[in-house]
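Okay, structure first, notes after.
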Amino acid sequence: MLLQLDSIQKRFGGVVALRNGQMSVRPGEVHLLLGENGAGKSTLMKIVAGMHQPDSGAILWKGQRVSFRSPAEAARVGIAMVHQESLLAPHLSVAENIFLGREERLPLGWVSRRRMLEAARRLIADHHFPLQAEWRVGQLSPAGKQLVEICRAIQHGSSLLIFDEPTSSLSETETQEVFRIVRTLKERQMGVIYITHRLEELRAVGDRVTVLRDGETVHTSLLSEVTTHQIIQHMVGRELSGLYQRTPAPAGEILLQLQGLSRKPVLKNISLTVRAGEVVGLAGLIGAGRTELCRAIFGLDPVESGKIFIRGQAVRIASPREAVTQDLALIPEDRQRAGLATALPLGHNITIADLKKISRLGFFLDHDAERRLTEHYVAKLRIRCSSVRQLAGRLSGGNQQKVVIAKWLLRGAKVFLFDEPTRGIDIGAKVEVYEVIDELARAGAAILMVSSELPELLQVADRILVMRQGEITGELTRGTTQEEIMRLATLPQGGATMEGDRE
């Protein structure tokens, strides 16, 4: 046995993160680790990787009991982890991050950047990643940062590689490449622990599966011995009645309209409308310009030409502050860096967008009012936390996303830009986010929703706009197929047809 975990327990203050974590991994095995957000998956793996130390329990590595006081100690025995949220150095290049802590050095001890660049280029080319060794990591998308994490782990070499949601922000092509990497590691008799919320990935890579619920291992078996439905039941501890399917309501007035919005080279003559009560999906491959469009609408990036209309009135949005005054809200793709103040309590995060609701005389914060509002939204969105004073950075990924949504619900926004709203969220929390989106639409909000998960768009959106290389290549109505979306996402605009043009 490569790794064995026995009765691992871990507390953070008054919060029990793990009460009985048990798991084992064999050489040449891909072991899936599943569970809802807050179940303890990442905490358990951070203990294995030396980022946390257990309060009790045993870690056996190749039959010997071990204790890692740091990631460096875990790395020395051959354990590497690809994190869900990037832990890279944003001011350094891709190559420098790949070799960080293990730099290529010349005989006199000087760091050889040329050798690191050459080695990084070979690694990137071998795996066909859309990266350049010279690029600065801080300028990469979340998908790009995930790929750098994978490169770093592979380059350093290990007997056990832990993937924490590696494909949560990757395109289908990049996801297949990750699967290929995992299969290659398995063939080399490495152990792989693979955490994912995307249940459609399970059969593509997994051998065995372990499910955590409320900090405790509740199921372990061969993947071939359990159905996906049974896995979901183990994860949530209850029966889920089928897949979510939104029932659209009649659309109202046009709340958001774009005419010829352009910003070279990422956006080219974008025109669209979103009505009150409508959810418009935005599909496309990574690099198509979907996130850039949301940023431009919200005033984060300047546009060179075109117009934005809110409720039929042309508006100038040069900053997020101006966007907020126009009742716009952005739920960003990278929630930790762009959506939250992780070092502040979740109550501060929820109320920060509308301090007038918790102030007296315009100068003094009413802490009782903040507590009452926070408790309201914690209950409304079922945010799992120890208290409203818990730091936002200590919440699980799914609960962090709910806090971002709560902030804009409190603000009373009317036009919502959701950029990958369920990235890294478990199946139960996804349904809750869909229900929030549906509730917003039924209350008269206009919603533009970016998602790389095509089944999600098919379930939630009333219409789907498809982007390719900064342009909208087609519009599809409810009832379309994944194949039709991918056709529009991959074909040049001249080879695509609008929904109404097809015979």
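The values are calculated or read from the model by the stated rules, or taken from the named source; none is laboratory data. As the structure is a computational prediction, the values presented were derived from the model and not from experiment. Here Cβ is always computed from backbone atoms with ideal geometry, including for glycine, and neighbour counts include all displayed protein chains.
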Name every residue in region 148-166 that is in a helix (DSSP H, G or I) and farther than 16 Å from I195 by Cα, in order of residue number. V148, C151, R152, I154, Q155, H156
Residue, nearest to I331 (Cα to Cα), within region 355-400, restricted to residues that are in a helix (DSSP H, G or I) and touching an Asp or Glu at 6+ places or on another chain (Cβ under 7 Å): G398
I'd like the full set of residues that are assigned to a loop (DSSP other than H, G, I, E, B) and in contact with a Cys (Cβ under 9 Å, 6 or more places away or on another chain), limited to region 87-131. H127, F129, L131
Return the pairs, sorted by first residue and then second, in which the second residue is of a type outside the set (D, E, K, R) and surrounded by fewer than 20 Cβ atoms within 10 Å (Cβ to Cβ), the first residue lies in region 435-459 and is assigned to a loop (DSSP other than H, G, I, E, B), the beta carbons are less than 7 Å apart, and the residues are 6+ apart or on different chains. G444/G252; S452/S171
Assuming V266 fulfils every condition listed in (1) touching a strand residue (DSSP E or B) at 6+ places or on another chain (Cβ under 9 Å); (2) under 30 Å from I308 (Cα atoms); (3) of a type in the set (V, I, T) apart from one, which condition is it? (1)
When L391 is run through (1) buried (at least 24 other Cβ atoms within 10 Å of the Cβ); (2) at pLDDT 85 or above, the failure sits at (1)
Based on this model, can you work out whether F163 counts as in the same structural domain as A75 (by TED's automatic domain parsing), aromatic (F, W, Y) and surrounded by fewer than 21 Cβ atoms within 10 Å (Cβ to Cβ)? no
For region 367-415 the number of residues that are closer than 13 Å to D354 by Cα and among the charged types (D, E, K, R) is 3
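Residues in region 443-450: is at least one at pLDDT below 85 and over 21 Å from the mean Cα position of the chain (by Cα)?
Looking through region 443-450, none of the residues is at pLDDT below 85 and over 21 Å from the mean Cα position of the chain (by Cα).
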Among the residues of region 357-389, which ones are farther than 30 Å from R213 by Cβ and basic (K, R)? K357, R360, R372
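Table: residues versus (1) under 20 Å from A429 (Cβ atoms); (2) in contact with a Ser or Thr (Cβ under 8 Å, 6 or more places away or on another chain); (3) surrounded by fewer than 20 Cβ atoms within 10 Å (Cβ to Cβ).
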site: T325; (1), (2), (3): no, no, yes
site: I331; (1), (2), (3): yes, no, no
site: R335; (1), (2), (3): yes, no, no
site: L340; (1), (2), (3): yes, no, no
site: R360; (1), (2), (3): no, no, yes
site: L373; (1), (2), (3): no, yes, no
site: K380; (1), (2), (3): yes, no, yes
site: C385; (1), (2), (3): yes, no, no
Selection from region 176-209 of residues over 17 Å from L123 (Cα atoms) and among the β-branched types (V, I, T) yields V192, I193, I195, T196, V205, V209
Could you check region 460-484 and list, in sequence order, the residues that are more than 26 Å from G252 (Cβ to Cβ), in contact with a helix residue (DSSP H, G or I) (Cβ under 6 Å, 6 or more places away or on another chain) and either in a helix (DSSP H, G or I) or touching a residue at least 60 places away in the same chain (Cβ under 8 Å) (or both)? R468, E471, Q482
With the checklist (1) more than 19 Å from the chain's Cα centre (by Cα); (2) not in a helix (DSSP H, G or I) in hand, flag the one item I425 doesn't pass. (1)
Under the condition of being among the charged types (D, E, K, R) and in a loop (DSSP other than H, G, I, E, B), which residue from region 192-227 is modelled with the highest pLDDT? D207
